[in-house]
Every structure is written in C-alpha cells, then in structure tokens.
1. Show me the ranking of peptides 117-129, 49-61, 82-94 by mean Cβ neighbours inside 10 Å, starting with the highest.
2. Under 15 Å from a point 7 Å along the Cα-to-Cβ line of Arg42: which residues of region 111-148 have their amide N that close?
3. Give a residue-ordered list of calculated ³J(HN,Hα) values for region 110-118 (Karplus: 6.51 cos²θ - 1.76 cosθ + 1.60, θ = phi - 60°; whole Hz; x for Gly, Pro).
4. Lone cysteines in the chain, going by a 4.7 Å Cβ-Cβ cut-off?
5. Hey, with R₀ at 22 Å, roughly what FRET efficiency would Asp118 and Ile148 work out to, going by the Cβ-Cβ distance, to 0.05?
6. In whole percent, how big is the carbon plus sulfur part of the accessible area of region 2-147, probe 1.4 Å, protein atoms only?
7. Just to confirm the number: angle between the C-alpha axis of helix 77-87 and the first principal axis of the chain, 0 to 90 degrees, nearest 10?
8. Taking the 0 to 90 degree range and rounding to the nearest ten, how far is the long axis of helix 2-24 tilted relative to the main principal axis of the chain, both from C-alpha atoms?
Amino acid sequence: MKNLFAAIIFSSIAFSNVALAQECNQIIEGNDLLQFNMNEIRVSSTCSEVTITLMHVGKLPATIMGHNWVLTESQNYMDVATTSQISGPPNYLPNGDERIIAATDLIGGGEETSVTFDISNLDPAGDYTYLCTFPGHFVLMKGKFVII
Ligand code: CO
C-alpha cells in the first residue's frame with residue numbers, strides 16, 4: 001500500500017515536469033504573407049530558460065521576406081521597430097540595444113532558428129511584445145509574450 005502511494009506521487013510529479021518542460025520550449029512559424037501563426041506565446045514562470053524556435057515556412061529569401069523573433073517590453077516595441085529598420089540589412093537589429101530582451105537571427109523561407117534566454121529578470125506581471133524587425137513587418141508580425 002505504501003509503495004502504491006509513493007508510485008502515485010512519483011507519477012504525478014513526473015507528469016507535471018513534462019507539462020512545464022513543454023511550456024518552456026515554444027515553436028512559432030512565420031510565412032510569406034507577413035504572418036506569425038501565433039499572436040500570443042505563454043511560458044511558465046518556473047522555466048529556468050525559455051527557448052523560442054522560429055520556423056520560416058515560406059519560400060521567399062531573407063532579403064525579401066526576412067523574419068526574426070525579437071522580444072521587448074511593449075512600451076518599447078515601436079521604438080525598437082523603428083531603430084531596427086534604420087540599422088539596416090542583413091539583420092535589421094541594433095547592436096547592444098538594451099531594450100531588446102531576446103532576438104533570433106533573421107531567416108528566409110525554409111530556414112529555422114532559435115534563441116534561448118533567461119526569464120528570471122522579467123516581471124511576470126509585465127507587458128511584453130514580440131515582433132519581426134524586418135522593415136514594415138512589425139505592423140502585422142507581433143504578439144504578446146505572457147509569463148504565467
Ligand atoms: Co518578417
């Protein structure tokens with residue numbers, strides 16, 4: 001009886017670890033129509049690190065339809081989009097800009113990239129936005145990053 005009880009506790013712990021691990025690793029797609037396939041990404045505050053994998057499921061090259069995944073506080077989102085545009089190709093990202101919390105490389109159709117970052121310094125009640133910083137894409141390619 002005691003062993004059975006221990007087995008039940010053990011299996012429920014194992015189950016919750018699986019669920020949390022999934023929340024720490026997210027996959028988002030970008031396409032040739034200036035779209036991300038998600039307008040919100042939720043991660044658990046218990047994640048020691050978060051990995052965002054960006055898959056470009058389109059066919060157009062990065063010079064024409066480049067996508068990246070860039071995280072900022074929502075209040076900085078427009079300024080980061082503008083500054084990134086000015087920064088120019090190939091990455092459309094300002095070097096060393098502290099408003100950028102995390103960023104992937106800029107990729108083209110058929111490519112995939114990821115970024116892993118620590119969320120322990122982020123405020124779970126904070127307001128965060130992710131965007132693509134390729135010129136003009138931020139208008140459609142953006143979403144909320146929520147820590148639950
Ligand atoms: Co883009």
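1. Values: 117-129: 13.7, 49-61: 17.5, 82-94: 15.8.
The peptides rank, most packed first, as 49-61, 82-94, 117-129.
2. 125, 144-148
3. Per-residue couplings from phi come out as x, 9, 9, 8, 8, 9, 10, 8, 8 Hz.
4. Taking the Cβ cut-off of 4.7 Å, the unpaired cysteines of the chain are Cys132.
5. Numbers: r = 17 Å, r/R0 = 0.77.
After rounding, the FRET efficiency stands at 0.85.
6. Carbon and sulfur together cover 55 percent of it.
7. Approximately 50 degrees, to the nearest 10.
8. 0
The values are calculated or read from the model by the stated rules, or taken from the named source; none is laboratory data. Every value quoted in this text rests on a predicted model; they were computed, and no experiment measured them. Note: ideal-geometry Cβ built from the backbone for every residue, glycine included; neighbour counts use all protein chains shown. What goes into the accessible areas is simple: the full protein's heavy atoms, side chains included, and nothing from ligands, DNA or RNA. Shrake-Rupley method; radii C 1.70, N 1.55, O 1.52, S 1.80 Å.
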